[in-house]
Structure formats: C-alpha cells, structure tokens
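S.K.: What follows is a single structure, and I will ask about it in a moment.
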Amino acid sequence: MLETEAKISAREKMEKAYFDFLETVHYSKITVSDIITMSGVSRTTFYRHYVDIFDMHEKIAQRLSEKIIDECLSKVITSTQKNEYFDEIVKIFISQNKYIKLISGKNGSRLFFEAMYREISKRLLPHVSEVSEELSFRLKFIAIASIGVFVKDILDNREHNTDFIDICKRLIDIESLIGGY
C-alpha cells in the first residue's frame, strides 16, 4: 500500500508504523502514541489525518479496497485478452496480500472486507447492465473474486459464529445481486 517515492509522506509513515504494529498487536490495542513514536510524526499531524486509531483503521481499509478496485477496473477495461485480465486481477490481490492479511487478520478486523463489499456494490454492480456482455463478465469476475477472498478469510481465520455465517450466505448469493454469470 505504501507508495515508493524518494519522499515519504507523513500519512505513509503513519500507515507503515500501523502495519508494523498489526504484525504483533490487535488494532484496538495500538495507541496514537505508538504510531507517532514509531513514525516520527507529531501528534498534531496524526490528528490532521485521523480522529483516532479506529478512524485510522477504517480509512486505511477503505483506501486499500478503493486501490484494489481501481487497479482491477483498470486491468479489466484495458486488457484485450480474457486470460490476461484473470492473471492481472490475481496479481493485484497477490501484490496487496500482505496488507489484506494484516488489516483483516487476527490483529485486524473485517472492515476491509466490508469496504470491499461497499466498493463492489457502489462502483461495479450498477454498471453491469450498462456495458457489453464481455465487460459485464469482467466486472462480475472482479466482484466474485473479491467476495471469494472475504469468504476464504472468514473460513480460514475467523470463528464461525452466526454473524460471519450470515455474511457468507449473503455474499455467496451474489448471483442474485448480479443476475447470474
């Protein structure tokens, strides 16, 4: 998620510190002091970007989901061969795998997947009926692939309580949302 630039922004420094902490600490236990100490930014700078750690977690999850959807859309729309965009979309998820695991894993939350679901609902599904059959198929593929990542995470990393099972059932019923595939 961090961009490689000669000059790293304060937000990127804070996000790097945040992801470093997520490797060992649950996000609810990370403090603003932890982030500002590790990132070397001031408290004022932190509060210029975020209200608190929970806001930071939510904004990072939202930006990561937006980035993945943007990259997927770019690949789907620009690729000329079917096999090419499948591979490209898989590469996008693999390239963000570390961040997805940290923000949604045992020290994270399901906010990333909820953000992905919102992005899919808001940006992909409304356009399925407006585009060519080929592009419609590509958009559906992104939606189903993204939701598949969510369901796999739940099955691999979460307790199978009623809330998660209900979410999985809703997501697996994506066919009703997108009109079959």
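The values are calculated or read from the model by the stated rules, or taken from the named source; none is laboratory data. Values in this document were obtained by computation on a predicted structure and should not be read as measured data. When we count neighbours, we look across all protein chains shown, and the Cβ atoms used for this are built from the backbone with ideal geometry, even at glycine. Remember, those area values only see protein heavy atoms, side chains included, never the ligands or the DNA or RNA. Shrake-Rupley method; radii C 1.70, N 1.55, O 1.52, S 1.80 Å.
S.K.: Considering only protein heavy atoms, with the full assembly of protein chains and a 1.4 angstrom probe, order 45, 31, 37 by accessible area, largest first.
M.R.: 37, 31, 45
S.K.: From the cross-link list 16/91; 59/98; 29/122; 13/67; 75/98, which pairs have alpha carbons spaced over 26 Å apart?
M.R.: 29/122
S.K.: In what sequence, largest accessible area first, do 106, 67 appear using a 1.4 Å probe? Numbers along the way, then the final one.
M.R.: Working: 106 170, 67 60 Å².
Sorted by accessible area, descending: 106, 67.
S.K.: Label residue 132 and residue 37 with points 7 Å out from Cα along Cα→Cβ: what is the distance between them in nm?
M.R.: 5.7
S.K.: Next question, about the same structure. Which order do 64, 73 take when ranked by solvent-accessible area (1.4 Å probe, heavy atoms of all protein chains), largest first?
M.R.: Sorted by accessible area, descending: 73, 64.
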